[in-house]
Amino acid sequence: MSEQRGFSIFKKSEEIGTLVLSAWRVFTEGAGLFLETLYWIFIGPFKGKSVDFKALFQQMVFMGYESVKIVFFVTFFTGIVLAMQSAHQLSKMGGTIYVASLVTISLCRELGPVLTALVLAGRIGASITAEIGSMKVNEQIEALDTMGINPVRYLVVPKFLALLFMLPILTVLGDASGMLGGYMIGVYNLKINAGLYVQTAFKFLTIKDIYTGLSKSLVFAIIITMVGVYQGLKTNGGAVGVGRATTISVVVSFIMIILADCVMTGIYFFVKM
Amino acid sequence: MANSSDIILSVRQIEKTYHGRRVLENVSFDVRRGEVFVIMGGSGCGKSTMLRIMAGGVPPTSGKVFFNGQDMSAVKGEAREKIRRRFGMSFQSAALLDYLTVEENVSLPIKEHTRLAANIISIMAQTKLNLVGLQGFAKFLPDELSGGMRKRAGLARAIAMDPEIVFYDEPTAGLDPVVCAVVDQLILDLTKKLQITSIVVTHNMESVFRIADRVAMLYQGRLLQVGTAEEIKNTADPVVQQFIRGNIEGPIQMS
Ligand SMILES: Nc1ncnc2c1ncn2[C@@H]1O[C@H](COP(=O)(O)OP(=O)(O)OP(=O)(O)O)[C@@H](O)[C@H]1O
Ligand SMILES: [Mg+2]
C-alpha cells in the first residue's frame with residue numbers, strides 16, 4: 001500500500017520534472033530565437049546583411065493597413081459598451097459627465113492596447129505561424145538554409161519590425177475609435193454637451209497614460225511575432241501540424257498578452273514613475 | 001585508385017541516430033569530382049538523411065564529412081555559409097517559395113549573396129531557366145506549374161549560384177517516364193556542361209543506370225556496396241540484385 005503511494009508520488013514528481021524540463025527548453029529556445037532576431041536587426045547590417053525594406057514595407061501594409069477595419073470595429077463598439085456601462089454606474093452618483101474621462105483613460109491605459117493586441121494575435125499571429133509552419137513542413141525553411149539564407153533574417157526580421165511599428169500605431173487608432181464610440185453615447189444618448197465631453201475626456205489624461213499604453217503595445221508586438229514564429233518553426237506533421245501549430249500560437253499569444261498586461265499594469269501601479 | 005585531389009567530398013564513419021534509433025551506421029565513401037554519384041536503397045533506409053548530412057543541413061551524430069579535404073564540422077559561422085554556397089540542393093518536393101514567381105525563386109540566392117544589379121540577376125536567372133526548359137514560365141507562381149515543372153524550377157534554383165556540387169533528392173520521383181528521361185538528361189548535361197559534381201538519391205533503377213558513374217547502395221542504414229554502375233549491375237550481392245530487379249523473393253524482407 002505505502003509502496004504503491006511512494007511509487008505514484010515518484011511518478012508524479014517525474015512528470016513534474018519532465019514538465020519543468022520542457023518548459024525550460026521552450027523558454028531557452030524562445031529566448032534564443034529572440035536574441036537571434038535582435039542580432040540580425042542590430043549586428044546584421046554591419047555584416048552587409050541589412051533589413052529587406054521591400055519585405056518590411058509589404059509586411060507593414062499587411063499587418064497595419066489591412067488591420068485598420070477590424071481594429072476600428074472592435075474598439076469602437078467597446079467604447080460604446082464602456083460608455084453605456086459606466087454611465088449606468090456613474091449616473092447613480094450623479095457624475096454622468098465623468099463617463100468621458102473614464103472611457104478615455106481606460107482605453108488609453110488598458111483596453112486599447114490589449115484589445116488591439118488580441119485582434120492582431122488572432123489575425124497576424126495566426127498567419128505568421130501558418131505561413132512559416134507550412135514552409136517548414138514543405139522543406140522551404142530547409143531550402144533557405146541550404147541556400148545560405150538565414151530564415152530568421154529573411155523571414156522573421158521583417159515581420160518583427162513591421163509589427164513593432166504597426167501595433168502602437170494601430171493602438172492609437174484603437175484608442176481614438178474607442179473614444180469616438182464613447183463620444184457617440186455621451187453626446188447623443190446621455191446628452192452631454194459636445195464641447196464639455198471632449199474637455200472632460202482629456203482633462204485627466206496624462207502623458208503617462210499614453211506611454212503606459214504604448215509601452216504595453218510594444219511588448220505585445222514582440223509576444224505576437226515571437227510566439228507566431230516559434231510555433232511556426234516548430235511545426236511538423238504536414239497540414240494537420242500546421243493547423244495545430246496555428247491554434248497553439250493564438251492561444252499562447254492570448255495568454256501571454258494577458259499575463260504581460262497584468263505584470264506591466266502591476267509595475268506601473270506599484271512603481272511610481 | 002583516384003588521387004586525393006579528384007575527391008571532392010568524402011564521408012567517414014557517419015552515424016546518425018534519431019531519438020536513440022540508429023538510422024545510419026558507419027557509412028564511409030568518396031565522391032569524385034565531376035561524376036554523377038547515385039545513392040540508392042529502399043524506402044526509409046536513410047538516403048535523404050545521408051544527403052542532408054553531406055550537404056551540411058543536418059549534423060551527423062558521429063563521423064565526418066570532408067569537402068575538398070576540409071573537415072566540415074570544424075568550420076563554423078560565416079566560413080561555413082561560404083562553403084555551403086558552393087552547394088546546390090534540389091528537394092524532393094521542389095521546396096520553392098510559393099509566394100515568389102519562378103524567376104524570383106531562382107534569383108533569390110543570387111540576390112541574397114551578391115550585389116549585382118537587378119537586370120543582371122534577372123538575366124542570370126533566365127539563363128538557368130533556359131537550361132531547364134522553363135524559359136516561358138518565369139512569371140508563373142509555383143502552384144501554377146505541374147509537378148515536373150516545379151521540380152525543374154527547383155533544379156534551376158539549385159544551380160543558380162553555379163555550385164560545385166548539386167545534391168538531388170529523388171529528382172524523378174512522381175514524374176512520367178518521358179519527363180523522367182528529360183530530367184535525367186538534364187542532370188547529365190549539367191554535370192558535363194557546367195562541370196558540376198552531382199549526388200543523386202533515387203529509387204528509379206532506369207534512372208540509376210542512365211545517369212550514374214558510380215553507385216552506392218544503402219541497406220538498413222549501412223553501406224552495402226559502392227562501385228561503378230557496371231559493377232553494381234553485375235554484382236553477386238543478393239540484396240543488391242533483388243533491389244535492382246525488384247524481386248519479391250530474396251533477402252530483403254518486408255516487415
Ligand atoms: N527529423 C527526423 N526525426 C526523426 N526521425 C527521422 C527524421 N528524419 C528521418 N528520420 C528517420 O530516419 C529514417 C531514414 O529516413 P530517410 O528520410 O533518410 O529515408 P529515405 O531513405 O530517404 O526514405 P525514402 O526513400 O522513403 O525517402 C526513417 O526511419 C525516418 O523515420
Ligand atoms: Mg527520402
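Some points to look at:
- Taken over segment B:202-223, the residue count meeting the criterion of being over 18 Å from B:Tyr168 (Cα atoms) and open to solvent by 60 Å² or more (accessible area, probe 1.4 Å) is 2.
- Matching residues in segment B:28-61 - criterion: being within 12 Å of chain A (Cβ to nearest Cβ) and away from ligand 1 (no atom under 13 Å from the Cβ): B:Gly56
- If you go through segment A:210-227 and keep only what is open to solvent by 10 Å² or more (accessible area, probe 1.4 Å) and among the polar types (S, T, N, Q), you end up with just A:Ser215.
- Search result, residues across segment B:85-96 that are open to solvent by 10 Å² or more (accessible area, probe 1.4 Å) and within 16 Å of ligand 2 (Cβ to nearest atom): B:Met89, B:Gln92, B:Ser93
- Conditions (1) within 14 Å of chain A (Cβ to nearest Cβ); (2) more than 16 Å from ligand 2 (Cβ to nearest atom); (3) assigned to a loop (DSSP other than H, G, I, E, B); number of the one not met by B:Gly133: (1)
- Exactly one residue out of B:Ser28, B:Ser48, B:Ser5 is assigned to a helix (DSSP H, G or I), open to solvent by 30 Å² or more (accessible area, probe 1.4 Å) and touching a residue at least 60 places away in the same chain (Cβ under 8 Å), and it is B:Ser48.
- Here is the figure for segment B:170-186: residues that are surrounded by 17 or more Cβ atoms within 10 Å (Cβ to Cβ) and touching an Asp or Glu at 6+ places or on another chain (Cβ under 9 Å) total 4.
- Test: residue in segment A:245-259 that is under 30 Å from A:Tyr98 (Cα atoms) and of a type outside the set (Val, Ile, Thr): yes
- Set B:Val23, B:Val65, B:Val102: member being free of Cβ contacts under 8 Å to residues at least 60 places away in the same chain and within 16 Å of ligand 1 (Cβ to nearest atom): B:Val65
- Scanning segment A:126-151 for residues that are within 18 Å of B:Leu96 (Cα to Cα), open to solvent by 10 Å² or more (accessible area, probe 1.4 Å) and more than 8 Å from chain B (Cβ to nearest Cβ) yields A:Ala130, A:Glu131, A:Ser134, A:Lys136, A:Val137, A:Ile141, A:Asn150, A:Pro151.
- Residue match in segment A:13-20 (condition: under 23 Å from A:Val250 (Cβ atoms), under 21 Å from the mean Cα position of the chain (by Cα) and open to solvent by 40 Å² or more (accessible area, probe 1.4 Å)): no
- Scanning segment B:166-200 for residues that are within 16 Å of ligand 2 (Cβ to nearest atom), within 14 Å of chain A (Cβ to nearest Cβ) and of a type in the set (A, V, I, L, M, F, W, C) yields B:Phe167, B:Ala173, B:Ile199.
- Taking segment A:170-273 as the region of interest, the helices (runs of 4 or more DSSP H) fully inside it that hold 1 or more residues being modelled with pLDDT of 90 or more, closer than 14 Å to A:Thr129 by Cβ and not basic (Lys, Arg) are A:207-234, A:238-270.
- Options A:Tyr183, A:Tyr230; residue that is under 25 Å from A:Glu66 (Cβ atoms) and surrounded by 18 or more Cβ atoms within 10 Å (Cβ to Cβ): A:Tyr230
- Residue within segment B:97-120 that is within 8 Å of chain A (Cβ to nearest Cβ) and open to solvent by 60 Å² or more (accessible area, probe 1.4 Å) present: yes
- The sole residue among B:Gly34, B:Gly57 that is open to solvent by less than 40 Å² (accessible area, probe 1.4 Å) and either in contact (Cβ under 8 Å) with a residue 40 or more places away in the chain or not in a loop (DSSP other than H, G, I, E, B) (or both) is B:Gly34.
The values are calculated or read from the model by the stated rules, or taken from the named source; none is laboratory data. Keep in mind it's a predicted model, so treat the numbers as computed, not measured. Glycine gets a Cβ as well: all are built from the backbone with ideal geometry, and neighbour counts include every protein chain shown. Quick note on the areas: whole protein, heavy atoms, side chains included, nothing else; ligands and nucleic acids left out. Shrake-Rupley method; radii C 1.70, N 1.55, O 1.52, S 1.80 Å.
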